[in-house]
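These notes are about the structure you will find just below.
The values are calculated or read from the model by the stated rules, or taken from the named source; none is laboratory data. Not measured: the values here are computed from a predicted model. When we count neighbours, we look across all protein chains shown, and the Cβ atoms used for this are built from the backbone with ideal geometry, even at glycine. The area values use the complete protein model at the heavy-atom level, side chains included, leaving out ligands, DNA and RNA. Shrake-Rupley method; radii C 1.70, N 1.55, O 1.52, S 1.80 Å.
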Amino acid sequence: MQKRRDGRALLAPRVQLHSPSDTHARPAGPDASNTSEPGDAQDLDLAVNALRRARPDLSAGEPIWAWQKWILLLAPAAFAVAALLDSKLAIFGLAAVLIVPFSCVVVLRTAALWSTAVPPSAPPISQATIVDPTPLPRYSVLVPVYDEAAIVPDLVAALSAIDYPPDRLQILLVLERADTETREAVAAIPLPPYMSAVIVPDGVPRTKPRALNFALRRATGDLIVIYDAEDVPDPDQLRRAATCLATDPRLGCVQAQLNVLNDRETWLTRQFAIEYTVLFDCLLPMLDRLGLPVPLGGTSNHFSRAALEEVGGWDPFNVTEDADLGIRLARGGWGVKVLASTTWEEAPATFSAWLKQRTRWLKGWIQTYLVHMRLPRATIRDLGWFRFLGLQVIMGGIILSALVHPWFYIAAAAELTFGPILKMHPGPLSDFVKVFSITNLVLGYVTGVALGCVAVAGRRRLRLAASAWMMPAYWLLISLAAYRALFQLVSTPYSWEKTPHRPRATFTRTASDRVP
């Protein structure tokens, strides 16, 4: 049984690897809905419940813990009582508290600007020239595909372009049994010998991490990578990741950089492209460089199988299983690095699609933060104080800043209408809080726009820099998604709002000149 450094087991015993001809993959067509493989029921049970049984404190399948519920319930009540007793002091105290999350975001962006402007003295191994390990490790590519019949031809073409020896490569298209249309689309296309389908039985929660856990038990690779159905990875990405992972036995994952194909399509796709470039080219490399926990992106995560299994695989109840897994890797003592290789994706082009996707992401980040703050002393023990404080800034700061941002505008409107609200507290302290709040807001905007311009300039997409000044409006939309995420966290915590995708031919005319 795999164990952590402190001896606590996280997962059931590792699955015995199958030979390439015995992967439990099977035809993807309609007849598959009436068939099942030996062990499917047990594997599905483990896919859903293994982490929750072994470490319930690390599973979002467990309800919010009692002390967390009490804080969430009592904090508003305490403010209401304080407002009744002394409304001026209560409002002043609230204003003082609300500047903290924005300060966290300013610190993050400033650190990212520093990290981008001042490169490390030696190039990181993640940017090194490819030196293939001998022999190359077996690689399993897991691609969860749900309700994506229209893009199956694009998917197969992108995966077929991967440059890796076919005898060392296994690609599993992970399909849901109930998704007849996608299974028929896969069955209609001739697949290379190293590519096959895994059919996930019906069950709940119907989430991407549940499907990945099920497919992992059919994977034969020593290295595992996840791609989404719309992804177009750089062809040599697997070789680069294998080179990087071979350098350090405690390196558990390398995260490839993600970027956007259709950045020219709409205002939203331009903002999304700036945001992705900032995150994967500046912020995550900064976290890697400082040794802080790295919340993974949802795709192009290249894992050492040993690390993935030791920390318990994916949490099927967390709707951003990637970010959660990055924190669990850090808590387990595994390293995460950012790989200098790009996977290209389609950004949501409509507000409806964008809002649903962003709601799910923020809901999952809140889930992840609550899970890892259930036992703060255990998290401190696992991470150490520096990385624990980094977790507060990275996850807590970003979540709270999204919730707080609109209140700065509400406060400004109240001041214009009713006069200075922070003068309700006597003395110079109120002036300090007011000046600090305004400074925070300005620095947040300046560092955000500057980082956006620097990031897109690094990709030589200078035309996107002209859209960076609109980022504050985009952040207000993120705030809307954050409040929608809070509502869903209470009402439908495990619902997965699917992001629709289109064949690349429908948007390549407006896509960037980097379309593969």
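Taking segment 132-181 as the search range and keeping residues that are of a type in the set (Val, Ile, Thr) and either assigned to a loop (DSSP other than H, G, I, E, B) or on the phi > 0 side of the Ramachandran plot (or both), which one is least open to solvent (accessible area, probe 1.4 Å)?
Only one residue tops the list, namely 162.
Select from segment 73-98 the residues that are small (Gly, Ala, Ser) and over 20 Å from residue 438 (Cα atoms) and list them in ascending order.
75, 77, 78, 80, 82, 83, 87
Across segment 296-317, what is the total count of residues that are in a strand (DSSP E or B) and over 18 Å from residue 207 (Cβ atoms)?
Selection size over segment 296-317: 3.
What tally of residues in segment 458-510 results from selecting those that are without any contact (Cβ under 8 Å) to a residue 12 or more places away in the chain, hydrophobic (A, V, I, L, M, F, W, C) and closer than 24 Å to residue 405 by Cα?
Total meeting the criteria: 4.
Go through (1) open to solvent by 20 Å² or more (accessible area, probe 1.4 Å); (2) farther than 23 Å from residue 501 by Cβ one by one and return the number of the condition residue 322 breaks.
That leaves (2) as the condition not met.
(1) within 16 Å of residue 325 (Cβ to Cβ); (2) open to solvent by 10 Å² or more (accessible area, probe 1.4 Å): which one isn't true of residue 267, the others all being true?
Among (1) within 16 Å of residue 325 (Cβ to Cβ); (2) open to solvent by 10 Å² or more (accessible area, probe 1.4 Å), residue 267 violates only (1).
When only residues in segment 377-389 that are of a type outside the set (Gly, Ala, Ser) and touching a helix residue (DSSP H, G or I) at 6+ places or on another chain (Cβ under 8 Å) count, which is surrounded by the fewest Cβ atoms within 10 Å (Cβ to Cβ)?
Taking the candidates together, the pick is 380.
Tell me the residue from 278, 311, 294 that is under 18 Å from residue 468 (Cβ atoms), open to solvent by less than 20 Å² (accessible area, probe 1.4 Å) and touching a residue at least 24 places away in the same chain (Cβ under 8 Å), please.
Answer to the selection: 278.
How many residues are touching a helix residue (DSSP H, G or I) at 6+ places or on another chain (Cβ under 8 Å) and part of a helix (DSSP H, G or I) when one looks only at segment 335-360?
Counting residues in segment 335-360 that are touching a helix residue (DSSP H, G or I) at 6+ places or on another chain (Cβ under 8 Å) and part of a helix (DSSP H, G or I) gives 6.
In the list 463, 484, which residue meets the criterion of being at negative phi, in a helix (DSSP H, G or I) and within 22 Å of the chain's Cα centre (by Cα)?
Matching residue, one of 463, 484: 484.
Scan segment 474-482 and tell me whether some residue there is farther than 19 Å from residue 99 by Cβ and either modelled with pLDDT under 95 or surrounded by fewer than 19 Cβ atoms within 10 Å (Cβ to Cβ) (or both).
yes
Which residues, counting only those in segment 484-501, are open to solvent by 60 Å² or more (accessible area, probe 1.4 Å) and either among the charged types (D, E, K, R) or touching a His at 6+ places or on another chain (Cβ under 8 Å) (or both)?
Those that are open to solvent by 60 Å² or more (accessible area, probe 1.4 Å) and either among the charged types (D, E, K, R) or touching a His at 6+ places or on another chain (Cβ under 8 Å) (or both): 484, 498.
Could you figure out which of (1) out of contact with any helix residue (DSSP H, G or I) (no Cβ under 9 Å at 6 or more places or on another chain); (2) touching a residue at least 12 places away in the same chain (Cβ under 8 Å) isn't true of residue 455?
The single condition residue 455 does not satisfy is (1).
Quick one: in segment 63-88, which of the residues that are open to solvent by less than 90 Å² (accessible area, probe 1.4 Å) and touching a residue at least 40 places away in the same chain (Cβ under 8 Å) is farthest from residue 207 (Cα to Cα)?
The qualifying residue farthest from residue 207 (Cα to Cα) is 87.
Given the criteria open to solvent by less than 10 Å² (accessible area, probe 1.4 Å) and not aromatic (Phe, Trp, Tyr), does residue 237 qualify?
Taking the combined requirement at face value, the residue satisfies it.
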